[in-house]
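Accompanying notes for the structure given below.
What follows is calculated from the coordinates using simple rules that are stated; it is not laboratory data. Please read all numbers here as calculations on a predicted model, not as lab measurements. Because the Cβ atoms are built from the backbone with ideal geometry, glycine has one as well, and the counts that use them run over all protein chains shown.
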Amino acid sequence: MNIEVALRELLHPIVRWARRKSPWVLHYNSGGCNGCDIEILDTLTPRYDVERLGILKEASPRHADILLCTGPVTRQSRDRLRLIYDQMPEPKWVAAVGSCCCSGGVFQGAYNVLGGVDHVVPVDMYIPGCPCRPEAIIDGLARLLELIQ
Amino acid sequence: MLFKLLIFPGFLFLLLCAFVFDWVDRRMLARFQGRVGPPWYQPVADFIKLPTKEDTLPQGVNATVAAALPMLALAAVLTASVYVPVAGVVSASFEGDLIVVLFLLSLPALTYFLAGWISVGVYSILGGHRSLLQYFSYEVPFLMAVAGPAVLSGSWSIASIVAYQAQTTWGAVMQPLGFVLAVVGLIGKLKRDPLDIPKAKSEVVSGSLTEFSGRKLALWRLSMNMQTVVGIFLLVNLFFGESRFFDVLPAFPVFGLKALSILLLLATASAIYARLRIDQLADLGWRILAPLALLQILANVGIGG
């Protein structure tokens, strides 16, 4: 038993390094205006080249490490967001991209909107902006990676 | 023998090659697109990260089969690698080993289909079906293109085909058409970019592998990367065997250079061609590639006698 604990201690820095160097992201729009989605697409284009940081956009929740959310959570997309979050394997992180996703933004108080994405899933990094620049998204992701233990 | 199986040209060497080829491939694609690309340790970081993640499976999936399939794919590729020489060094060889290698290299396609079939999910099943359809389109031209060198040299052993090329010249020079067909077939076999129909991200999420995560996904990726390495090594042996032209240079770096050149071909193809539809691939495979491959074999019979 002690050997297992010691081995885990020994491997921990390597695992942490690998997790910081290989974050695969999944993108989900829970009801936004598409502005932040275009900025996320910008971030993934050759001009910004996030593959330098090891960031790959995955299509399946089962392959992803970080959920990139955009837009406020509408009542209709609440259950889908929860389902996608639950499908992702542990350990997982959530980054809220854009003002609406952080707090509900201009849609706050609307009859069909719950508010920010933190009403449904735990958020690890808030990236405000309307829409936020690709530089801001990259900076937010880089800071999120520093938090990974 | 154990050294050959485990270290060179066996498991450890192939693992190293899988990581190096994966990195070189992604880096070349990045350069084609005018970006920098991932750092050199990227495949290693990916490979370490995946097994440390949670191993999820949807309800209703047989856990034993799901765990066995990626291992089976990896085992088939590793067994095939035993008979593929690397710079003239080979673990085992007999008359007819080319057929065994081709059979073992087509097993991963079957496991890939089964992985989609057992996963309870629309995208997985669709991806699995597409992979089978693709298999029937590329495999026949690929087999005939690879049979070309065997017909030419009059032997079904990879070592004798290499030796035949040492006496004459490169297989790719004598049968350029066959080489092109073999490269197209290899792209289909590896499900690489112009022919990545079974795992097209914008259509079927990740195909058969949609529901796989954690260490199973790591094994799938490793078996794919190793299949790339073994497939490229096979083509180097069949079409760029040792030639008198390179006798002055040591065999190993020359072999590596040839393998990387074929990888460059594959990366170029994925950079410049858009994905085909499945019906276009079936058309291409049966109307164009298969008759051309037959033509090449007939020509080889004429030359080789």
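Considering only A:ALA6, A:GLN149, A:ALA59, whose Cα is most displaced toward the positive end of the charge dipole of chain A, charges sitting on Cβ of Lys, Arg (+1) and Asp, Glu (-1)? Final value for the positive-end residue is A:ALA59. Rounded to the nearest 10 degrees, the inclination of helix B:122-153 to the longest alpha-carbon principal axis of chain B is 10 degrees. Mean residue ellipticity at 222 nm, helices only, chain A: -12000 deg cm²/dmol; runs of at least 4 DSSP H residues each add -39,500 (n - 2.57), and the sum is divided by the number of residues. Taken over the alpha carbons of segment B:200-264 as equal point scatterers, the Debye sum produces base-10 log I(q)/I(0) values at 0.22, 0.25, 0.29 Å⁻¹ of -0.91, -1.03, -1.18.
For segment B:2-304, build the convex hull from the C-alpha positions and give me its volume per residue in Å³. That works out to 130 Å³ per residue.
Counting neighbouring Cβ atoms within 10 Å and putting the fewest first, the residues B:TRP40, B:TRP220 line up as B:TRP40, B:TRP220. Using a ≥ b ≥ c from the Cα gyration tensor of the protein assembly as shown (square roots of the eigenvalues), is it rounded, prolate or oblate, where a/c under 1.5 gives rounded and otherwise the larger of a/b and b/c decides, a/b for prolate? Prolate, because a/c is 1.5 or more and a/b exceeds b/c. With contacts taken as Cα pairs under 8 Å at a separation of at least 6 residues, chain B carries a relative contact order of 28 percent.
Computed 3J(HN,Hα) for segment A:54-59, one whole-Hz value per residue from the Karplus formula 6.51 cos²θ - 1.76 cosθ + 1.60 where θ = phi - 60°, is x, 6, 10, 8, 9, 8, glycine and proline marked x.
Roughly what % of DSSP beta bridges within the protein assembly as shown run antiparallel, to the nearest 5? Walk me through the numbers on the way to the answer.
Details: 3 of 18 bridges.
Of the beta bridges lying entirely in the protein assembly as shown, close to 15 percent run antiparallel.
The simple spin-label model puts a point 7 Å past each Cα toward its Cβ; for B:MET1 and A:ASN34 those points are separated by 6.6 nm.
Test of understanding: ordering B:LYS216, A:LYS57 by Cβ neighbours within 10 Å, fewest first, what list do you get?
Placing the least packed residue first, the sequence is A:LYS57, B:LYS216.
Across chain A, the mean sequence separation of Cα contacts (distance under 8 Å, 6 or more residues apart), normalised by length, yields a relative contact order of 25 percent. Helix A:35-44 and the long axis of chain A differ in direction by around 30°, with both axes built from C-alpha atoms.
Using 32 Å as the Cα-Cα cut-off, could you pick out the over-long pairs in A:LYS21/B:LYS191; A:LYS21/B:LYS199; B:LYS49/B:LYS199; B:LYS49/B:LYS201; A:LYS57/B:LYS4? Walk me through the numbers before you get to the answer.
Values: A:LYS21/B:LYS191 26 Å; A:LYS21/B:LYS199 24 Å; B:LYS49/B:LYS199 22 Å; B:LYS49/B:LYS201 22 Å; A:LYS57/B:LYS4 38 Å.
Pairs exceeding the cut-off: A:LYS57/B:LYS4.
For the peptides B:271-283, B:81-93, A:66-78, what is the packing order when you average, over each peptide's residues, the other Cβ atoms within 10 Å and list the highest mean first? Let's see the in-between values first.
Values: B:271-283: 13.9, B:81-93: 19.5, A:66-78: 22.3.
By packing density, highest mean first, the sequence is A:66-78, B:81-93, B:271-283.
Using the number of other C-beta atoms within 10 angstrom as an exposure proxy, rank A:ARG8, B:ARG221, A:ARG62 with the fewest first. Numbers along the way, then the final one.
Values: A:ARG8 10, B:ARG221 20, A:ARG62 27.
Ascending number of Cβ neighbours within 10 Å: A:ARG8, B:ARG221, A:ARG62.
Take the Cα of A:ALA6, step 7 Å toward its Cβ, do the same at A:GLU90, and the gap between the two points is 2.7 nm. With the cut-off at 1.5 for a/c, could you classify segment A:7-91 from its C-alpha gyration tensor as rounded, prolate or oblate? Note, shape of segment A:7-91 comes out oblate.
For chain B, the longest principal axis of the Cα atoms and the long axis of helix B:290-304 meet at an angle of about 30 degrees. I need the Debye-formula profile for segment A:62-142: one equal scatterer per C-alpha, no solvent, reported as log10 I(q)/I(0) at q = 0.16, 0.21, 0.22, 0.26 1/Å, two decimals. Computed log10 I(q)/I(0) values: -0.56, -0.92, -0.99, -1.23. First check a/c for segment B:3-73, with a ≥ b ≥ c the square roots of the eigenvalues of its C-alpha gyration tensor; if it is under 1.5, answer rounded, and if not, answer prolate when a/b is larger than b/c or oblate otherwise. Because a/c hits 1.5 or more and a/b fails to exceed b/c, segment B:3-73 counts as oblate. Local charge for B:SER160 was computed over the other residues whose Cβ lies under 15 Å away, with Lys and Arg +1 and Asp and Glu -1, and equals -3. Think of it as helices only: each DSSP H run of n ≥ 4 in chain B is worth -39500 (n - 2.57), and spread over all residues that comes to -22500 deg cm²/dmol at 222 nm.
The phi torsions of segment B:278-287, fed into the Karplus equation with coefficients 6.51, -1.76 and 1.60 and a -60° offset, translate into couplings of 5, 6, 5, 5, 4, 4, 4, x, 8, 8 Hz, rounded to whole numbers, with Gly and Pro shown as x.
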